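Data block below; observations after.
The values are calculated or read from the model by the stated rules, or taken from the named source; none is laboratory data. Just so it is clear, the model here is predicted, and its values are computed rather than measured. Cβ: placed from backbone, ideal geometry, glycine included. Neighbour counts: every protein chain shown. Areas reflect the complete protein model, heavy atoms only, side chains present, ligands, DNA and RNA absent. Shrake-Rupley method; radii C 1.70, N 1.55, O 1.52, S 1.80 Å.
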Amino acid sequence: MARMRVRQAIAAALADAMREDGSVLLFGEDVAAAEGPFKTSEGLLAEFGPLRVRDTPISEMGFVGAAVGAAAVGMRPVVEIMFMEFLGVALDQLVTEAAKFRYLSNGRVSVPLVVRASIGSGLGFGTQHSQTLENWLTATPGLKVAVPSDAQTAYGLLRAAIRDPDPVAILEPRALYAERGECVTGEEGIVPLGTARVVREGDAVTVVALGQTVRAAVSAAERLGTGVEVIDLSTLVPWDRDTVLASVARTGRLVVVEESPSSGGWGSEVVSAVTAAAFRALQAPPFRITAPDVPVPYNRGLEARFSPSVDEVEYQLKTYLDTGEVPDPWWRREGVAA
Amino acid sequence: MTLVRSNDPERRRAALADPVARYERMYEIRRFEDRVNDLFARGAIHGTTHLCAGQEALDVSLALELRPTDTVSATYRGHGIALALGMTVHSVLAEIMGKADGCTGGVGGSMHLSDPDVGLLPTFAIVGAGLPVAAGAALAYQTRGEDHVAVCVFGDGAANIGAFHEALNLAAVWKLPVVFVCDNNVYAEYSRIDLTTPLSDLHRRAGSYDIPGVPVDGMDVTATRAVLAEAVARARAGEGPTLVEAKTYRFAGHSRADQATYRPAGELERWRERDPLTLARAELLAAGAASEDDLTALEKAVGEDLDAVADAVAALPDPEPAAMFRNVWAAA
C-alpha cells in the first residue's frame with residue numbers, strides 16, 4: 001500500500017500491465033515524450049520505449065481505429081483520449097467496430113482494447129471540455145464502461161480492463177487526477193469490472209454514486225451521521241445489480257447521485273431496474289440527484305453548482321429521509337429554472 | 001471437381017498459384033454474384049447485398065500476393081474478397097442467406113463476412129472504417145517484429161472520409177507495413193466520382209503523405225498482381241505503406257435497391273469490353289495455358305457445382321434464437 005495521486009496510480013497500473021504483458025501498448029496524443037497531458041504516463045516512454053509508448057497525431061478516428069486493428073491481431077492497446085469530447089470523432093471505431101468484432105466473427109476475433117478518456121467538470125475547462133458523456137457508450141452491447149473514483153479504483157479498474165478480452169472504456173474524472181489516496185498495487189489491487197463497492201455502510205438509505213460524485217455523497221453522508229450507505233458503482237456496463245439490490249433490501253430507499261445532465265443519465269437505468277426488481281422493499285420513491293439539463297458553464301461559481309455539490313446532496317438526502325418525499329433540485333427551489 | 005465444392009480454405013487459397021485456377025476463382029465469384037442476385041430477386045435473401053461483379057481481378061490478385069497470416073480489412077462489397085482469400089462458397093453463401101452454418105452463424109449477413117483462418121477481419125459496413133484498423137494490425141506486426149502485412153481494400157468514396165487521411169498519415173509517420181488498396185470503381189454509392197471528388201486519380205493523394213501512390217488497371221489480373229506484389233514486398237521489408245489505386249468498374253448498382261439509372265449511356269458497355277474475366281480468359285488462351293474447350297468445360301463445371309452448393313445451403317436450418325446472445329462478450 002502506498003499513498004499516491006490518482007494520476008500516479010494510473011501510470012503505475014500502465015507500467016505494471018506493460019511489465020507483465022509484452023502485448024500491452026499505450027498510444028495517444030502527447031502520452032510519450034510529454035508523459036501525458038495529465039501526467040498519467042510518467043516514466044513509461046523511458047521504461048518501455050517508443051514502440052510501445054507512442055505519441056499520435058491529433059486524429060482520434062485514426063488512432064482508436066489503429067487500436068482496434070492492433071487488438072484484433074493480438075495486442076492489448078490502451079489509447080488515451082485527452083478529453084472525452086474528442087472521442088466523438090472516433091465513436092464509429094469504438095461502438096460500431098471494436099464492440100462488434102466478436103459478434104461479427106462468430107467469437108473468433110477478440111478486441112481487448114482499452115480506451116481511457118478524461119471526463120467531467122470542476123476544473124474550469126469550459127463547455128466543450130467538461131462533459132462526462134458516459135451515456136454515449138452505455139447502450140452499446142459489446143463494450144464495457146468503468147469510472148474510477150479514487151487512486152485505488154483508478155489503478156484496479158485499469159488493470160482489470162487491460163486484462164479483459166473485450167473492449168473497455170475507462171472514463172477518468174479529471175478533477176480527481178491530483179487527489180491522493182491509499183493504493184494497493186499488484187494482483188491485490190485489481191478491482192474486477194462489474195463490481196460495485198460499499199464505501200460507507202448505513203441502514204436508512206442507499207446512495208449510488210460514481211466517479212467524482214462518490215466524494216460528494218460520502219461527505220454529505222458524514223455530515224448527516226449514520227444511516228446513509230454509499231455505493232461506488234465503479235462499472236456502468238455491466239453494473240453490479242446484486243450489490244445495489246442487496247443494499248436497497250436493507251435500507252428500503254434509493255438515491256442516485258449523477259454528475260451528468262438529468263436526461264438520459266445512467267441513474268435512470270439503476271432506478272428503473274431497482275424499482276422493477278425490489279418495488280416492495282422500497283419505503284419511499286427512489287430518485288436521482290443530477291446536474292441540470294444544461295451545458296457545463298465556465299464561471300467558477302456556476303460550474304460548482306452544475307455537478308451535485310456536498311451541500312445539495314446533503315439537503316436532498318435530509319429532506320428525503322425526513323419527509324419520505326422527493327425534494328426539488330436547487331434550480332427549482334431557487335426558481336431559476338423549471 | 002472444381003474448387004467451388006472444396007471445403008478446405010487452405011487448398012482453395014493455394015490453388016491460386018495456378019493461372020487456370022485464378023481464372024476459375026474469378027469465374028466462380030462472377031457466378032456467385034449472379035446467384036446472389038437471383039436469390040435476392042426471389043426473396044430468398046433478406047436485407048440487401050452489394051455485388052462486386054467487375055472487380056474480380058483485384059480480389060484474386062490480392063489473395064495471390066498475401067499469406068493467410070496477413071490481415072485483410074475489406075468493405076461490405078466483400079463477397080469476392082472472401083471467396084478469393086479461400087473462404088468456402090458454402091460458408092459465404094450460408095452467411096448471406098442468414099444460416100446457422102454461415103461464417104458468423106447467420107448474425108452477420110452479406111456485409112459482415114470474416115474468417116481469421118484466411119486473414120479476413122469482419123468486413124466493414126462503415127465506409128472508410130477499415131483503413132485505420134488495417135494500420136493498427138500493421139502496428140501490431142511492426143511492434144512484434146513480424147513480417148506480416150495488413151491490407152485494406154476500400155472504395156473511391158472512402159477516400160473522402162477522415163479515416164482515409166488519418167490512416168494514411170498515421171501509417172506514413174509510423175512507417176507501418178500496410179497496403180491501402182483503393183478499388184476505384186467510379187461510384188461512391190450512387191454518386192459518380194467527379195461529383196464528389198476534385199480529382200479522379202486518387203493515388204495522387206499519397207503525395208500528401210509522402211508515400212508511393214501507384215495506379216493500376218484493376219480489370220487486368222496480371223497487371224494488378226504485379227503492382228500489389230511490389231507494394232506488399234515493400235511493406236514486408238519494413239519500407240512502409242503504399243497507396244494502390246485499382247481502376248475498376250462496378251457492373252452492378254451500389255446495392256440491390258439501386259438500378260444505377262444515373263450512369264451515362266454507354267459507360268457500362270464500354271467498361272464491359274474490358275471485363276476482367278474476358279481479359280483473363282484471353283490471356284490464358286494466348287499463353288496456351290488452356291484451350292477453349294478446357295475453359296468452357298471448366299465454366300460449365302463451376303456453374304453446376306455452384307448450383308449444387310447453393311441448393312444445399314438453401315436447405316440448411318436457420319440459427320436458433322440463442323445464437324443472437326452468443327459472442328456479445330467473451331465467454332466468462
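Return the residue satisfying two criteria in turn: it lies in the range A:163-188 and is within 14 Å of another protein chain (Cβ to nearest Cβ) and open to solvent by less than 10 Å² (accessible area, probe 1.4 Å), and of such residues it is farthest from A:F125 (Cα to Cα). Result: A:D166.
Looking across the range B:158-173 at every residue that is crowded, with 23+ Cβ neighbours inside 10 Å and free of Cβ contacts under 8 Å to residues at least 60 places away in the same chain, the one that is nearest to the other protein chains (Cβ to nearest Cβ) is identified as B:E166. Being touching a helix residue (DSSP H, G or I) at 6+ places or on another chain (Cβ under 9 Å), open to solvent by less than 30 Å² (accessible area, probe 1.4 Å) and acidic (D, E) is a property that holds for B:D183. So is A:G225 modelled with pLDDT under 95 and open to solvent by 10 Å² or more (accessible area, probe 1.4 Å) or not? Here the answer is yes, as A:G225 does meet what is asked.
Within the range A:17-36, one or more residues are in contact (Cβ under 8 Å) with a residue 40 or more places away in the chain, surrounded by fewer than 16 Cβ atoms within 10 Å (Cβ to Cβ) and either within 21 Å of A:R159 (Cα to Cα) or touching a strand residue (DSSP E or B) at 6+ places or on another chain (Cβ under 6 Å) (or both).
Scoring B:A287 on the criteria (1) surrounded by fewer than 12 Cβ atoms within 10 Å (Cβ to Cβ); (2) more than 16 Å from B:D220 (Cβ to Cβ); (3) not acidic (D, E) leaves a single failure, condition (2). Restricting to the range A:118-136, name every residue that is within 21 Å of A:M61 (Cβ to Cβ) and surrounded by 24 or more Cβ atoms within 10 Å (Cβ to Cβ). Once the filter is applied, which keeps residues that are within 21 Å of A:M61 (Cβ to Cβ) and surrounded by 24 or more Cβ atoms within 10 Å (Cβ to Cβ), the range A:118-136 yields A:S118, A:I119, A:E134. Taken as a whole, the condition of being more than 7 Å from chain A (Cβ to nearest Cβ) and either touching a Pro at 6+ places or on another chain (Cβ under 7 Å) or in a loop (DSSP other than H, G, I, E, B) (or both) does not apply to B:T104. Among the residues making up the range B:15-39, those that are open to solvent by 70 Å² or more (accessible area, probe 1.4 Å) and closer than 21 Å to B:C103 by Cα are B:R31, B:D34.
Candidates in the range A:26-79 are the residues that are in a loop (DSSP other than H, G, I, E, B) and among the aliphatic types (A, V, I, L, M); of these, the one that is nearest to B:A138 (Cα to Cα) is A:V73. All of (1) open to solvent by 20 Å² or more (accessible area, probe 1.4 Å); (2) farther than 25 Å from A:H129 by Cβ; (3) in contact with a strand residue (DSSP E or B) (Cβ under 9 Å, 6 or more places away or on another chain) hold for A:T323 with one exception: (3).
Exactly one residue out of B:G218, B:G207 is out of contact with any helix residue (DSSP H, G or I) (no Cβ under 9 Å at 6 or more places or on another chain), modelled with pLDDT of 95 or more, of a type outside the set (D, E) and at negative phi, and it is B:G207. Right, A:P148: assigned by the TED database to the domain that holds A:E29, of a type outside the set (G, A, S) and either modelled with pLDDT under 95 or over 17 Å from the mean Cα position of the chain (by Cα) (or both) or not? The answer is no for A:P148. No other residue among B:G78, B:G47, B:G109 is open to solvent by 20 Å² or more (accessible area, probe 1.4 Å) and either modelled with pLDDT under 95 or within 14 Å of chain A (Cβ to nearest Cβ) (or both) apart from B:G47. Residues of the range B:53-69 include at least one that is surrounded by fewer than 24 Cβ atoms within 10 Å (Cβ to Cβ), in contact (Cβ under 8 Å) with a residue 24 or more places away in the chain, at the interface with another protein chain (Cβ under 10 Å from one of its Cβ atoms) and outside any helix (DSSP H, G or I).
Taking the criterion of being free of Cβ contacts under 8 Å to residues at least 12 places away in the same chain and of a type outside the set (S, T, N, Q), the residues of the range A:263-296 that qualify are A:A276, A:F279, A:R280. For the range A:4-16, a tally of residues being in a helix (DSSP H, G or I) and either in contact with a His (Cβ under 9 Å, 6 or more places away or on another chain) or open to solvent by 40 Å² or more (accessible area, probe 1.4 Å) (or both) returns 2.
If the condition is being assigned to a loop (DSSP other than H, G, I, E, B) and closer than 27 Å to B:L277 by Cα, then the range B:203-240 contributes B:G218, B:M219, B:D220.
Each residue in the range A:80-92 was checked for being within 10 Å of chain B (Cβ to nearest Cβ) and either of a type outside the set (A, V, I, L, M, F, W, C) or part of a strand (DSSP E or B) (or both), and 1 pass.
Mind checking whether some residue in the range B:273-287 is within 14 Å of chain A (Cβ to nearest Cβ), over 30 Å from B:L139 (Cβ atoms), among the hydrophobic types (A, V, I, L, M, F, W, C) and part of a helix (DSSP H, G or I)? So far as the range B:273-287 goes, no, none of its residues is within 14 Å of chain A (Cβ to nearest Cβ), over 30 Å from B:L139 (Cβ atoms), among the hydrophobic types (A, V, I, L, M, F, W, C) and part of a helix (DSSP H, G or I). For the range B:190-209, does any single residue satisfy the condition of being within 14 Å of chain A (Cβ to nearest Cβ), free of Cβ contacts under 8 Å to residues at least 40 places away in the same chain and among the aliphatic types (A, V, I, L, M)? Within the range B:190-209, not a single residue is within 14 Å of chain A (Cβ to nearest Cβ), free of Cβ contacts under 8 Å to residues at least 40 places away in the same chain and among the aliphatic types (A, V, I, L, M). Candidates in the range A:102-124 are the residues that are within 20 Å of A:G28 (Cα to Cα) and not in a strand (DSSP E or B); of these, the one that is farthest from the other protein chains (Cβ to nearest Cβ) is A:G120.
Taking the range B:293-324 as the range and being within 14 Å of another protein chain (Cβ to nearest Cβ), surrounded by 11 or more Cβ atoms within 10 Å (Cβ to Cβ) and in a helix (DSSP H, G or I) as the test, the residues that pass are B:A323, B:M324.
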